[in-house]
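None of the figures in this text is laboratory data; all of them are computed from the coordinates on show. Worth saying up front: this structure is predicted, and the values here are computed from it rather than measured. Here Cβ is always computed from backbone atoms with ideal geometry, including for glycine, and neighbour counts include all displayed protein chains.
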Amino acid sequence: MISTKPVSLKVIALGEYGVGKTSLFYQIVHDKFHNEYLTIHDDCAIKEVVVDGRNVILKIYDTCGCEEYLSLLRLYCKEVDVCILVYDVTSPESFNKLEYWRDEFLRLSDPPVPKHFPFFVIGNKTDLEESRAVPARKAEEWCESKGNTTYFELSAKDNAIVKQVFMDIIRTVLSRKAIEDDDSLRVVDIQADVKPNKTTCWS
Ligand code: GDP
Ligand code: MG
């Protein structure tokens, strides 16, 4: 049975330019892949999904990863429910910058207990396996060393498991919120919110 009370989750992806942040979100919102560098011009894309019978409104904030946009980034990072750190498995530089983006997020979002904030790391572009430069184990070890950090690998291009991964991420965040405080889930009136194009059932 589908719950009538949608839950709103603010989602942000951080990482170096070109790692595939926009491509990932594009798959989630439009179910398509583009071979060009994409720019989402709107501040926020809305996608309504159903996960395990629960209506979830994803408010997706795409970032360009540029220092000049720091004030915008500060705004984007406020009250984020889901922070996804993205790197490109063919680029060690993008992997090495995960630490920077994690620290930057914690600095800008200023969560009540930083060590309890859950992060999700995505190693993107696994379709380019022959050019892989970051072993999965290395990324897993980095996540383990941080605590509260879940690792996934995928290809925004192949799209085979993109939705599966996002569903896992949403499940984790929802169950965590439920444990923390049942009332902390922001229940929103969908009529009063921005209407998504369509609802996708991921359960
Ligand atoms: P962003 O700067 O992090 O938002 O990166 P984009 O989403 O704009 O992607 C940068 C480039 O990488 C584009 O040319 C995309 O087509 C390409 N790209 C993104 N994801 C993948 C992927 O999974 N596999 C491959 N081969 N290319 C990808
Ligand atoms: Mg982008």
query = So how do Asp52, Asp88 line up by other beta-carbon neighbours within 10 Å, fewest first?
reply = Asp52, Asp88
ask   = Whose amide H sits under 5 Å from the amide H of Ala13, counting only residues 5 or more places off or on another chain, with H placed in the peptide plane?
value = Tyr61, Thr63, Ile84
ask   = Given R₀ = 30 Å, FRET efficiency for Gln164-Asn96 by Cβ-Cβ distance, to 0.05?
value = 0.65
inquiry  = Taking amide H atoms as placed 1.01 Å from N in the peptide plane, list the residues 5 or more away in sequence, or in a different chain, whose amide H sits under 5 Å from that of Ile161.
reply    = Ser155
query = What are the ³J(HN,Hα) values, in whole Hz, obtained from phi via the Karplus relation 6.51 cos²θ - 1.76 cosθ + 1.60 with θ = phi - 60°, for each residue of region 101-110 in sequence order, with x given for Gly and Pro?
reply = 5, 5, 4, 4, 4, 5, 5, 7, 8, 6
ask   = Leu106 to Glu130: extension gain in nm, 0.36 nm per residue of separation minus the Cα-Cα distance?
value = 5.2 nm
Projected label distance in nm at Cys64 and Lys138, using a 7 Å step from Cα toward the beta-carbon = 3.0
query = Roughly speaking, what is the stretch gain from Phe117 to Asn148, that is 0.36 nm per residue apart minus the C-alpha to C-alpha distance, in nm to one decimal?
reply = 10.5 nm
request  = Would you mind checking Lys138/Lys163; Lys47/Lys115; Lys47/Lys146; Lys10/Lys146 for any pair whose Cα atoms are more than 27 angstrom apart?
outcome  = Lys47/Lys115; Lys47/Lys146
